[in-house]
Amino acid sequence: MKAPLSGSSSLLRGKGRLSPYLFTLIAFILFVAILYGQDFMCVFDEHLQSYSYSDKPTSTTQRVKQHKVPFAVGKTEEGCDIFSGSWVRDELNRPLYEESECPYIQPQLTCQEHGRPDKDYQHWRWQPHHCDLPIFNASLVLETLRGKRMMFVGDSLNRGQYVSFVCLLHKLIPDDEKSMETFDSLTVFTAKEYNTTIEFYWAPFLLESNSDNAVIHRISDRIVRKGSINKHGKNWKGVDIVVFNTYLWWMTGLKMKVLLGSFDDEVKEIVELSTEDAYRMAMKSMLRWVRLNMDPKKTRVFFTSMSPSHGKSIDWGDEEGGNCYNETSLIDDRSYWGSDCRKSIMEVIGEVFRKSKVPITFLNITQLSSYRRDAHTSIYKKQWSPLTPEQLANPVSYADCVHWCLPGLQDTWNELLFAKLFYP
C-alpha cells in the first residue's frame with residue numbers, strides 16, 4: 001500500500017507534471033510582480049528617504065542603512081558642540097581677509113573705510129569647548145561647488161553672510177574669471193572656471209510681503225501673505241545648497257498682519273496674528289517647500305538662527321540710553337541674552353523643526369553673536385540720507401547696532417557653515 005501524498009505534493013499530478021492549480025498560482029505571482037514591482041520599490045525607497053541626517057534606527061535588530069550626507073568629507077568628533085564655546089584673541093590668524101582686498105563688501109559694512117579707528121573687532125576667533133573648528137578651506141569649497149549653485153535667502157543680515165562667504169573665496173579666482181551682478185532681488189557671484197554661482201535672494205520674510213522690493217523696503221506697516229512661499233520659491237529651484245534666514249523683519253511688535261488673499265485684490269482681507277503664530281506659519285511653509293523641492297540625497301539646506309542686536313546698553317549692565325556705539329570690548333557674561341532676542345521665536349523654531357522629518361541643519365549663531373557688542377557697524381558706514389546736526393551731536397541716535405562690520409563676526413558664521421557642510 002502506497003503512502004499518502006504529503007500536503008505540499010498534493011498539488012502535483014502523476015508523472016511529474018505540474019498541477020493546473022500550481023501553474024495558475026505561479027502565473028498570477030509573476031503577473032503581479034511585473035505589474036507592481038516598480039511601485040513596491042518606490043514605496044521602499046521613499047521609506048528610506050524619510051530618514052533625516054540625524055535619525056537613527058530605533059531597533060538594534062532591524063537597522064536601515066543611512067544615506068551619506070551630501071558634500072560631507074568627514075564627521076565632527078563625538079560630543080563636540082561647535083556652537084558652544086568662547087571667543088579667544090588671535091592676532092596671527094585673524095582677520096581671514098582684509099576689507100580693502102574684497103571689492104564685494106557693500107559700503108554699509110566697510111567700517112574701516114568709513115572711519116572706525118580700531119581693528120580689535122577683527123581679531124577674535126571662536127573656540128568651541130573640547131574641540132576645534134576645521135580650518136576654512138576655500139579650495140575645497142570651490143571644488144565642491146563646481147557645476148553647482150549655492151544660494152543665501154533672507155534679509156540684509158543673510159546678505160552680509162553671503163558677502164562674507166564670497167570674500168572668503170574670491171582670492172583664489174582670477175579677476176577675469178569672476179563677476180557679481182544684481183537682478184532685482186537676486187545677486188549672483190559667478191566663478192566661471194568652476195562653472196558655479198553663489199547667489200543671494202532678497203526675501204526678508206521668505207513669504208511674499210509688502211517689503212519685497214530689494215531697494216525700497218523701509219515700510220513700517222509690514223504685511224505678509226499666507227501660503228505664498230512659491231512667489232519667491234520658484235527662484236530657488238535647482239539650487240544644490242541653500243542657507244535661509246528670517247527674523248529681524250518680524251520684530252515689529254507683538255502682532256503681525258497677514259494677508260489671506262492677494263496683494264492685487266481690491267478689497268484685502270487682512271488678519272492679525274501673534275508674531276509667534278505668523279512666524280510659525282512661515283517656518284512650516286519653508287519646510288514644505290524644502291520637502292517638495294530639495295532632494296535630501298543630493299542637496300543640503302541650512303537655517304541661520306536670529307542675529308542679535310545691541311540697542312540697549314542697560315541689557316549688559318551699563319547706564320540706560322547707550323547702545324553699541326563706542327563699544328570695543330566683548331560681553332563677558334556667559335549667560336547674557338539681550339532683550340532684542342525673543343526666546344519665544346527660538347522656541348517656535350525648535351518646535352517646528354522637531355516635528356519635521358525634513359533634513360535641515362540649524363546654524364545656532366545667536367548666543368555666540370550676543371557677546372559681540374563690539375562688532376556692529378555702529379556709525380562707521382555709508383548713511384542712506386544726510387545726518388542732521390542733532391544726530392551728529394549724538395552718535396548714539398544713529399548708530400547701527402544690527403548689522404556687522406566685514407571682515408568680522410559673520411566670517412565666523414561661515415566657518416560654522418563650512419564645518420556643518422563638510423563635517424556634519
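Residue pairs whose Cβ atoms lie under 6 Å apart, separated by 6 or more positions or on different chains, with the first residue in segment 169-189 and farther than 15 Å from E101 by Cα and the second open to solvent by 60 Å² or more (accessible area, probe 1.4 Å) and not in a strand (DSSP E or B), are E177/K192; E177/E193.
Could we say that P359 is assigned to a loop (DSSP other than H, G, I, E, B) and under 26 Å from S285 (Cα atoms) here? So P359 fits the description; yes.
Residues in segment 339-382 that are within 30 Å of H114 (Cα to Cα), modelled with pLDDT under 95 and either open to solvent by 20 Å² or more (accessible area, probe 1.4 Å) or among the acidic types (D, E) (or both): S339, D340.
So, in segment 183-196, exactly how many residues are of a type outside the set (G, A, S) and more than 22 Å from D411 (Cα to Cα)? Count: 6. Across segment 228-246, the number of residues qualifying as of a type in the set (G, A, S) and not in a loop (DSSP other than H, G, I, E, B) comes to 1. Among all positions in segment 175-191, there is no residue which is in contact with a strand residue (DSSP E or B) (Cβ under 9 Å, 6 or more places away or on another chain), part of a loop (DSSP other than H, G, I, E, B), under 29 Å from G338 (Cα atoms) and modelled with pLDDT under 95. Screening W289, W250 for residues that are open to solvent by less than 10 Å² (accessible area, probe 1.4 Å), closer than 27 Å to N210 by Cβ and modelled with pLDDT under 95 leaves exactly one candidate, W250.
Applying the condition of being touching a helix residue (DSSP H, G or I) at 6+ places or on another chain (Cβ under 8 Å) and more than 13 Å from W249 (Cα to Cα) to segment 200-227 and asking which residue is least open to solvent (accessible area, probe 1.4 Å) yields F200. Any chance segment 320-327 includes a residue that's farther than 30 Å from F71 by Cα, without any contact (Cβ under 8 Å) to a residue 12 or more places away in the chain and not in a helix (DSSP H, G or I)? Yes - at least one qualifying residue is present in segment 320-327.
For the structure I just gave you, tell me whether R149 is out of contact with any Ser or Thr (no Cβ under 6 Å at 6 or more places or on another chain) and not small (G, A, S).
Against the criterion (out of contact with any Ser or Thr (no Cβ under 6 Å at 6 or more places or on another chain) and not small (G, A, S)), R149 does not qualify.
Among the residues making up segment 384-424, those that are touching a helix residue (DSSP H, G or I) at 6+ places or on another chain (Cβ under 6 Å), part of a helix (DSSP H, G or I) and not hydroxyl-bearing (S, T, Y) are Q391, L409, Q410, D411, W413, N414.
Any residue that is modelled with pLDDT under 95, part of a helix (DSSP H, G or I), open to solvent by 90 Å² or more (accessible area, probe 1.4 Å) and closer than 28 Å to I360 by Cα - is there at least one of those in segment 47-54?
Within segment 47-54, one or more residues are modelled with pLDDT under 95, part of a helix (DSSP H, G or I), open to solvent by 90 Å² or more (accessible area, probe 1.4 Å) and closer than 28 Å to I360 by Cα.
Looking only at segment 362-383, residues that are closer than 19 Å to S86 by Cα, in a loop (DSSP other than H, G, I, E, B) and of a type outside the set (S, T, Y) come to 3 in all. The lone criterion from (1) over 21 Å from S185 (Cβ atoms); (2) open to solvent by less than 30 Å² (accessible area, probe 1.4 Å); (3) assigned to a loop (DSSP other than H, G, I, E, B) left unmet by D295 is number (2).
Against the criterion of being surrounded by 14 or more Cβ atoms within 10 Å (Cβ to Cβ) and in a loop (DSSP other than H, G, I, E, B), S262 does not qualify.
Yes/no per residue for (1) surrounded by fewer than 17 Cβ atoms within 10 Å (Cβ to Cβ); (2) closer than 18 Å to Y97 by Cβ:
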{"site": "W384", "(1), (2)": "yes, no"}
{"site": "L387", "(1), (2)": "yes, no"}
{"site": "L392", "(1), (2)": "yes, no"}
{"site": "D400", "(1), (2)": "no, no"}
{"site": "C405", "(1), (2)": "no, yes"}
{"site": "W413", "(1), (2)": "no, yes"}
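The values are calculated or read from the model by the stated rules, or taken from the named source; none is laboratory data. Since the model is a prediction, treat every value here as computed from it, not as a measurement. All Cβ positions, glycine included, derive from the backbone under ideal geometry; neighbour counts span all protein chains shown. In case anyone asks, the SASA skips ligands and DNA or RNA and just uses the protein heavy atoms, side chains included. Shrake-Rupley method; radii C 1.70, N 1.55, O 1.52, S 1.80 Å.
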